[in-house]
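Working notes, structure below.
The values are calculated or read from the model by the stated rules, or taken from the named source; none is laboratory data. Here the structure is a predicted model, which is why all the values come from computation and not from measurement. Note that each Cβ is placed from the backbone with ideal geometry, even for glycine, and that neighbours are counted across all protein chains shown. Ligands, DNA and RNA are excluded from the accessible area calculation, which covers all protein heavy atoms including side chains. Shrake-Rupley method; radii C 1.70, N 1.55, O 1.52, S 1.80 Å.
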Amino acid sequence: MLRLEGVEAAYGLSRVLHGVTIEAREGEVVSLLGRNGAGKSTTLKAIVGLVEVTGGSISLGGRDITALPTHEISQLGIGWVPEDRRIFSDLTVEENLLVGAKGGTRWGASRVYEYFPKLGQLAGRRGGSLSGGEQQMLTVARTLMGNPRILLLDEPSEGLAPVVVQALGHQIAALKREGLTILLSEQNLKFAARLADRAYIIEKGEIRWEGAMARLLEDEAARRAFLTV
Amino acid sequence: MSLLFVQLLSGLANAMFLFLIASGLSLIFGVTRIVNFAHGSFYMLAAYFTYSLSAMLPLGPVAFYAAALVAAFLVAGLGGLVEVLLLRRVYRAPELYQLLLTFALVLVVADAVRFVWGADNKTGPAAPGLAGSVPIAGQLFPSYDLAVIVFGPLVALGLWLVFHRTRWGILIRAATQDREMVAALGVDQRRLFTGVFVLGSFLAGLGGALQVPRLALTTVMDTTVIVEAFVVVVIGGMGSVWGALLASLVIGVLNAYGVLVLPKASIVLMFIVMAVVLIIRPWGLLGRPEVLLRAAGGAVAGERRAPWHPAWLAAVGLVLLALPLLLPTFWVWMAIEIFAFALFAASLHLLMGTGGMVSFGHAAYFGLGAYGAALLLQLAGWPMPLAFLAGPVVAAAAAAVFGYFSVRLTSIYFAMLTLAFAQIVFAVVHQWDEVTGGDNGVLSVWPPPWLKSPVRYYYWALVFAGTGVVLLRLVAASPFGLALRAVRDHARRAEAVGINIRALQWTAFVVAGFFAGLAGAIFVFLKGSVFPVYTEAPMSVQPLVMVLLGGVGAPSGPLIGAAAYKLLDTVITRYTDYWQVGLGGILIALVLAFPRGIAGVLDWRRS
């Protein structure tokens, strides 16, 4: 469904991605693993048009989206959940959700509240006053409001308490059961292993390993080379 | 007691106007990050539209009100048009070019207004039904002002409803905080930006239209109001509409009482408030810190490294040496003026080009150099060469004091604090009649007889301006200059490397102030007089335009820019009274077509 073909990207003069080729098929959860600064976030930003793509191509369902502006990429069904969450802290939870709404049918505020009951209780609270875990829920919920065909999750488990990470894992697993396609960027292999069908390992802006998640769990050499610090 | 109460009411009425204008300005900045100088021009246009329309519309008593509304809508439409046709092209350009573009619009609109309505003041109609006064606490108070006091909060309430009860308003609040995220959620920014410009311009238009019964219309009401509106926006916090409301009330009421206590200090009062607020709370009362890593002014594309070819330099030097022997006197004067401004612009270039610190108040140091030299010559009786050299020292001393506070701030807040200090300097030289002569200025400040001939003063100016420019270049190319650029490009990293950012920028500020003062000293002995306008905002804008005209990224930019600006000014003024349209048009074309300035174009042709 989503396909990156030899994508190169740069921040100004410093090149960050050197020909990244990855694919996420319909209904699949794919994990993009790698250390800090390996290029995970940049890959996701390149997909949504927030980083200038200097080479290669990105397509969604066969349609080339490489040069489209960010809002059109979003409207085509790519839902990006940024690493630093980027909650609108002055807006209430309800208003945050409203910004993400695109008038589709699958997800609405009531459905989102059903999924994340905690958010329903916090509907009138300012986004900035939420805890880290609540903010993470809100940022996922906000993106779901736009009825994405594919969800790009950027290190959702980062900086959260273990019990919160576990709850988040259950929620993502539930989304997977609904058939949502997910591209999950992670450093936390344990977290990704529970959710992902396949995995890519990125290192210094290049894909160094790819294959089924189960295989990665057996391939200690690859894990040691690219993942452990 | 009753006087105090009536003053309070009149302060509130003024506050409501400030709020109308400043809220639109703040709104536009918050979402688009454009500092819209043309906001005051929209305000002025709406006032003139109302003036003409209320005479034309055959609606009897409601003609004024209908005219005011139509004018506000016209201006709103115009704002939308400007956004779509011009500003949309420069959102990705460095902030400076956006400033230059909106400044060019100010020039164009100002001349258009002079062309259509003439330069003389106009008095608009009284507001039908509200023309009289009502007795309040034993004093007569204009009914119209009372109506304004009621109307202002209604507008605020309307805005609140839009921002909290409509999806569009919620999107605007979200975009003020993080417009990239809003785009990533599928919202088309372009439509949002256009909408914000229309709403902001409408508010400016409403403010201008409703001023008609209270104020005489003048062709300078645009610049007067934009400065006040900026002060309010900065005090309140850029992008915060409620901050603008709070700051409007503070400034409006403070001014009303300030006039009673310190009538002479009334002009500076709001600048003092702004300076204090910025020093204590750098992001304004209700603003929030910017999370930008890069200094806003520092986004300079395509910087070149001193490619002054020796042969080129020698040729230029020979031409400059021969020039006064070949040119008629008028052009010799002209050349000296260009030298002074080239040095002035080069000193600003050290701040904004190399240092990424855009100052809106650089004229303060130019003016202090001029005043320092003039007063030491006239009042202290110093010989001219000594007074001439002391001028820049005076300027550097002031720069040391003002710079100490200014370098604590970044981007637009730095710009506004420098402006505030310049306005304070202006107020002091303007009001301190006994020493500075106030409006009359200091006259007969001439060089001694041995230097008085144009040709001799030409060489004097050439030596000092030339030395100044070369020294500034050396400073920029030195390790000190490199460290300045490092701070400009990434303040945090530079700090992590061990650079003392504030000390570095403070030093640069003082150096820039010194050379601006030298430029002022050269200028004052050319003109033989100095006036308060030398320290005022328009004087600060000139070197800014010169640097941008020449190209921020180029070392020779300020020199080329100063020559081009002064020559254009002189040539266009010869053929028409409406030189601002010409200059504005050229600036717009330049920003849209050649965002790297004249030097950038030359560079591009060469390569």
Legend entry - Members of the stretch B:585-607 that are more than 24 Å from B:Ala346 (Cβ to Cβ) and at pLDDT 80 or above: B:Gly585, B:Ile588, B:Ala589, B:Leu592
Inset, instruction - Determine whether B:Ala275 is surrounded by fewer than 19 Cβ atoms within 10 Å (Cβ to Cβ) and of a type in the set (Gly, Ala, Ser). - result: no
Legend entry - Residue count, the stretch A:148-168 (criterion: open to solvent by less than 50 Å² (accessible area, probe 1.4 Å) and either of a type in the set (Ser, Thr, Tyr) or within 24 Å of A:Gly77 (Cβ to Cβ) (or both)): 10
Legend entry - Residue tally, condition within 23 Å of B:Phe151 (Cα to Cα) and outside any helix (DSSP H, G or I), over the stretch B:60-88: 0
Inset, instruction - Go through (1) surrounded by fewer than 17 Cβ atoms within 10 Å (Cβ to Cβ); (2) part of a helix (DSSP H, G or I); (3) in contact (Cβ under 8 Å) with a residue 60 or more places away in the chain and name the single condition B:Ala119 misses. - result: (2)
Inset, instruction - Could you identify the single residue in B:Leu99, B:Leu87 that is surrounded by 22 or more Cβ atoms within 10 Å (Cβ to Cβ) and modelled with pLDDT under 90? - result: B:Leu99
Inset, instruction - State all residues of the stretch B:176-209 that are in contact (Cβ under 8 Å) with a residue 40 or more places away in the chain, at the interface with chain A (Cβ under 9 Å from one of its Cβ atoms) and open to solvent by less than 40 Å² (accessible area, probe 1.4 Å); if no residue qualifies, say none. - result: B:Thr176
Inset, instruction - Within the stretch B:225-244, track down each residue that is touching a Gly at 6+ places or on another chain (Cβ under 7 Å) and among the aliphatic types (A, V, I, L, M). - result: B:Val225, B:Ile226, B:Ala229, B:Val234, B:Ile235, B:Met238, B:Ala244
Legend entry - Filter result (without any contact (Cβ under 8 Å) to a residue 60 or more places away in the chain and either more than 16 Å from A:Lys190 (Cβ to Cβ) or part of a helix (DSSP H, G or I) (or both)) within the stretch A:217-229: A:Leu217, A:Glu218, A:Glu220, A:Ala221, A:Ala222, A:Arg223, A:Arg224, A:Ala225
Legend entry - Pair list, Cβ < 6 Å and 6+ apart or interchain, from the stretch B:89-115 residues that are closer than 16 Å to B:Leu590 by Cα to residues that are open to solvent by less than 10 Å² (accessible area, probe 1.4 Å) and assigned to a loop (DSSP other than H, G, I, E, B): B:Gln98/B:Ile34; B:Leu99/B:Val35; B:Thr102/B:Asn36; B:Thr102/B:Ala38; B:Leu105/B:Ala38; B:Val106/B:Ala38
Legend entry - Among residues of the stretch B:1-56, those that are open to solvent by less than 10 Å² (accessible area, probe 1.4 Å) and either more than 30 Å from B:Arg173 (Cα to Cα) or not in a helix (DSSP H, G or I) (or both), counted: 6
Inset, instruction - Enumerate the pairs (first residue in the stretch B:539-552 and under 18 Å from B:Leu105 (Cα atoms) and assigned to a helix (DSSP H, G or I); second residue anywhere and modelled with pLDDT of 85 or more and of a type in the set (Ser, Thr, Tyr)) with beta-carbon separation below 6 Å, excluding pairs fewer than 6 apart on the same chain, so at least 6 apart or on different chains. - result: B:Met546/B:Tyr565; B:Leu549/B:Tyr565
Inset, instruction - Output the residues belonging to the stretch B:122-146 that are part of a helix (DSSP H, G or I) and out of contact with any helix residue (DSSP H, G or I) (no Cβ under 9 Å at 6 or more places or on another chain). - result: B:Ser143
Inset, instruction - Residue by residue through the stretch B:165-175, note down the ones that are buried (at least 20 other Cβ atoms within 10 Å of the Cβ) and more than 8 Å from chain A (Cβ to nearest Cβ). - result: B:Ile172, B:Ala175
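For every residue, the table says whether it meets (1) open to solvent by less than 40 Å² (accessible area, probe 1.4 Å); (2) of a type in the set (A, V, I, L, M, F, W, C).
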{"residue": "B:Phe464", "(1), (2)": "no, yes"}
{"residue": "B:Ser478", "(1), (2)": "yes, no"}
{"residue": "B:His490", "(1), (2)": "yes, no"}
{"residue": "B:Val497", "(1), (2)": "no, yes"}
{"residue": "B:Val530", "(1), (2)": "yes, yes"}
Legend entry - Filter result for the condition that a residue is in the same structural domain as A:Val16 (by TED's automatic domain parsing) and open to solvent by 50 Å² or more (accessible area, probe 1.4 Å), over A:Arg194, A:Arg125: A:Arg194
Legend entry - Candidates A:Gly124, A:Gly128, filtered to the one that is outside any helix (DSSP H, G or I) and farther than 18 Å from A:Leu195 by Cβ: A:Gly124
Legend entry - Among the candidates A:Ser57, A:Ser74, residue that is among the small types (Gly, Ala, Ser), within 8 Å of chain B (Cβ to nearest Cβ) and outside any loop (DSSP other than H, G, I, E, B): A:Ser74
